[in-house]
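The values are calculated or read from the model by the stated rules, or taken from the named source; none is laboratory data. Being a predicted model, the structure only gives us computed values, none of them experimental. Note that we place each Cβ from the backbone using ideal geometry, even for glycine, and neighbour counts take in every protein chain shown.
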Amino acid sequence: MSRPRILLADDHTLVLQAFKHLLEGEFDIVGTAANGRALVATALQLKPDVVVLDLLMPQLSGVDAAREIKKLMPRTKIVVLTMNEDSDVAAVALRQWASGYLLKKSAAGELVKAVREALKGQCYVTPSIANRLTQEFIRDPATERIKHLTLRQREVIQLLAEGRTMKEAADVLQVTTRTIAFHKYRIMEEFGLKTNADIVRFAIREHILPQQPNKD
C-alpha cells in the first residue's frame, strides 16, 4: 500500500530538512517549497495528501497560499507549523482551512501526530493553543461571532485609530507587524472599512475611542 504523500513549505532550508527527517520514516515527502507562490504551483503539480506550511513566507503568505490550495484542491489537508502563538490567527485558520495548528517549539512527535490526525479527517491543535481557544470559548461561547470584535482586535483597532503605524502597534502589543496587518485587514473586510478614516469612525462607533467634539 502506498504511503501518504506530504508537501513541506518553509523559507528556511534547515527547518525544511528537520521536518523532512521527522516525517520521512512514515510518509513520502514528495516535495518542498520555499515561498508561497512556489507552494501553490508545486501543490497543483504534485497533489499531495497533506501540506505542512509556515504562515510567514515570501512572495505569498502561508495564509493566502493555503486558501488557494484549499479552493483548488479541497481534499488536501493542511497543517500549520509556525512561530505565531496568536490564538485569533489559529482560530481563523482552523475554521477556514487548516486541519492542524502547531508551534515550531512544539515537541517533535506532535508533527507526526498532527499529520496522522489530518489524514483521518481529524484536527490536531498543539496544547498551548488549544487551551487558549478553550478559555476564549468559555468566556464567549458564541461560535458564530460574526460582527464581534475579539479583545485583540479591539486593541489593534484602538492603536491604529490613535494614529500609530502597524509597526508601532506591533511594538506595543509585542507581536509581529504581520500579525497586526492580519487583524487590520480582516477587520476591514468584515466590517466594510476602506480607509484609515473609516477605522477611526468605526473605533468611535464601537466605543473604543471617545466621541470627537464638534469644532464649531
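Before moving on, here are some points about what is shown:
- Yes/no for Leu16 being buried (at least 16 other Cβ atoms within 10 Å of the Cβ) and without any contact (Cβ under 8 Å) to a residue 24 or more places away in the chain: yes
- Residue match in the stretch 96-110 (condition: farther than 30 Å from Val156 by Cα and either in contact with a Cys (Cβ under 9 Å, 6 or more places away or on another chain) or aromatic (Phe, Trp, Tyr) (or both)): no
- Conditions (1) over 24 Å from Ala41 (Cα atoms); (2) surrounded by 16 or more Cβ atoms within 10 Å (Cβ to Cβ): number failed by Gly109: (2)
- So Val89, is it touching a residue at least 40 places away in the same chain (Cβ under 8 Å), closer than 22 Å to Ala181 by Cα, of a type in the set (Val, Ile, Thr) and touching a helix residue (DSSP H, G or I) at 6+ places or on another chain (Cβ under 7 Å): yes
- Subset of the stretch 153-201 (residues that are among the aliphatic types (A, V, I, L, M) and free of Cβ contacts under 8 Å to residues at least 12 places away in the same chain): Ala170, Met188, Leu193, Ala197
- Within the stretch 1-47, considering residues that are in a loop (DSSP other than H, G, I, E, B) and among the aliphatic types (A, V, I, L, M), the one modelled with the lowest pLDDT: Met1
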